[in-house]
1. Suppose R0 equals 41 Å; then what is the FRET efficiency for residue 411 and residue 575 from their Cβ-Cβ distance, rounded to the nearest 0.05?
2. I'd like the Karplus ³J(HN,Hα) series for region 431-440: coefficients 6.51, -1.76, 1.60, θ = phi - 60°, whole numbers in Hz, and an x wherever there's a Gly or Pro.
3. For a label point 7 Å from the Cα of residue 519 along Cα→C-beta, name the residues of region 542-570 whose backbone N is under 19 Å from it.
4. Return a whole-number percent for the relative contact order of region 338-399, with Cα pairs under 8 Å and 6 or more residues apart as the contact set.
5. Among the GluC sites (Glu not before Pro) within region 399-481, which fall in a DSSP loop and have no more than 11 other Cβ atoms within 10 Å of their own Cβ?
6. Compute the length gained on full extension between residue 464 and residue 120: take 0.36 nm times their separation in residues and subtract their Cα-Cα distance, giving the result in nm to one decimal.
7. Quick one: which of 468/508; 345/461; 408/583; 472/519; 387/442; 508/565 span more than 22 angstrom between C-alpha atoms?
8. Where does each of 597, 200 land when they are ordered by accessible area, with a 1.4 Å probe and the largest first?
Amino acid sequence: MGNQRKNMLIYLAVISVVIAGFFLLFDDGINSSEEIPMSSLIALTENPPIGQRVKILVSGDELDIKLGNENYTSRKEPGSSIYQILQEAEVNPANYEVEVKGSSGLGGIFSILLSFLPLILFGGILIFMMRQAQGGANNAMGFGKSKAKRFVGAKATVTFSDVAGVTEAKQELEEVVEFLKNPERFLALGARIPRGVLLVGPPGTGKTLIARAVAGEAGVPFFSISGSEFVEMFVGVGASRVRDLFEQAKKHSPCIVFVDEIDAVGRHRGAGLGGGHDEREQTLNQILVEMDGFDNSSNVIVLASTNRPDILDPALLRPGRFDRRVVLDNPDISGRKAILEVHSKGKPLEAEVELDKIAKQTPGFSGADLANLVNEAAILAARRGAKKIGLASLVESIDRVIAGPARKSKVITEEEREVTAFHEAGHAVVAHNIPAADPVHKVSIISRGQMGGYTRYLPEKDRYLQTKSQFKAYIAAAMGGRVAEKLKFGEITTGASNDIQVATNMAKEMVTTYGMSEKLGLRSYGRKQETVFLGRDGTEQRDYSGKTEEIIDQEINMLLTEGEKEAERILKKYSEQMESLAKYLLDYETIDEEELVRLLSGEDVSPPLVGETLAHSGDQPNSKTKKSEIPPSDIEPQAN
């Protein structure tokens, strides 16, 4: 901030000098009168108009002449006297009046400055350039300094009470806190606390938050830096910053050094995933040396977080460096309820709000998703003018977190709306009548994001294993939309494109990964490079023959065909259920699980009340669920 002010003052000074020089140089030209020679001046004084006198103001060699309303200027020879000139010309003294103006010290100073103005400007510019170069040199001297932010003492106010849903991880890190508070307890038994703790997990699970909670519980300095801040264009800069960081950490021992997204600098060395990079590799080498150089009496603990542990260098993960790995996964239903309770503190909730029900509707949500959900609900309640956060706002916020606001202004034809209703009804009816399928939680034809409608399935409990019958049920339910279109309208649309893609991927996984094909047996086909916690597949290396590939294609087609036939059998048998559900969706747009079960059982379902309709405006697609909990086919973009 100080350097910026100095630069601003220098800029203002240079601009002021330039403006002053401009006016000094050109002021006379701007305000000048008619200049006349000395002979004309003599002629004016010899024959002035009757009753007027020529007034002459002498300023050095400059002459300002005034005759009535007319002004003139002239110059005399240096050293000569205007009196003497007029006397020699025999001009009557009664015709003119001479006034001599003495030169002031200030005018002389301005004259001197004016003469030296170009030199002053040149010198000012030269000094400015030298100062800038000196500042660049100072920056170059600090180029290798660490950019870590240090939080000391009371500033790290986050504690374990602010972290929920990761009970096991908190227990693991309590030992770290205990070591920082009472290291003698461990050293007396010859124990050594892990020098490095690696926090791994999907994005949004609270890796950075729990690291700051460790610092808050221990009450020690907390150095925070991103892995990308070590990497620069110049080789050796990153290694220098690593050295400086660990030197600062030793000076402030005991302390915690937290490196966020360490995969930016800790990638596997050599030609592998991520490639090679001289600067990155030198920086990694320096990290390895610094971490292995700590002695047992140094109370410095290194925490690091990543969601890509699969690409980290093995030397970084060996015992003695990051020798403890703490996994933070997406929370289960009890963890989600605890997280919702933490983030709802200080927020007024309606008496009808039950957080365990919201937790049940959000399988697969991370801690960051749940925090955003509660915040969005508070914003929606404020927008509606409510004094407390109600169930409708929480339900709507689930949708907004996942797919954005409802697109009620989207204009679609009545024909497309009818197709969407029967498409979603097909999904729901097929899933409802297959025992292995998860219950249908909600069906909606409200457009949201890129979706024209969706059918959402919700398991009764969190599940981490899938059976073959469940996979087949998912494929049949995914085919239900396309089959419903074909049976009702005798035509198919592009609305089932995502259904087909999801069903195909699921059938492929069954055949090539889970060993659920009788022809191919218990074998995995294809070597995949996956991003473990990001949920995306990398490249696949084929390790099977072309003949085997044909069998794989046949098995996938068989599973898809069986699913289509099963969906067609169910929809033909329960065509009245499909018709009644589609009609209800056309009238009310959304139906939840309880109303759906009653409707498909043949009971009369009354239209939703105003409050229920408001809650239904927040109907959501699949809540970012894990593949092992709810199949990807639950999220269905409907091409309208």
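1. On the way: r = 30 Å, r/R0 = 0.74.
So, using R0 = 41 Å, E works out to roughly 0.85.
2. Along region 431-440, the couplings run 5, 5, 9, 10, x, 6, 7, 6, x, 7 Hz.
3. Under 19 Å, as judged by backbone N against the label point of residue 519, lie 543-566 of region 542-570.
4. On the way: 53 pairs, mean separation 27.0, N = 62.
Reported relative contact order: 44 percent.
5. 460
6. Between residue 464 and residue 120, full extension yields 115.9 nm more.
7. Working: 468/508 13 Å; 345/461 26 Å; 408/583 19 Å; 472/519 17 Å; 387/442 28 Å; 508/565 18 Å.
Beyond 22 Å between Cα atoms: 345/461; 387/442.
8. 597, 200
The values are calculated or read from the model by the stated rules, or taken from the named source; none is laboratory data. In this text the structure is predicted, and so the values were computed from the model without any measurement. Positions of Cβ are backbone-derived with ideal geometry, glycine not excepted, and every protein chain shown enters the neighbour counts. Keep in mind that these areas ignore ligands, DNA and RNA; they rest on the heavy atoms of the full protein, side chains included. Shrake-Rupley method; radii C 1.70, N 1.55, O 1.52, S 1.80 Å.
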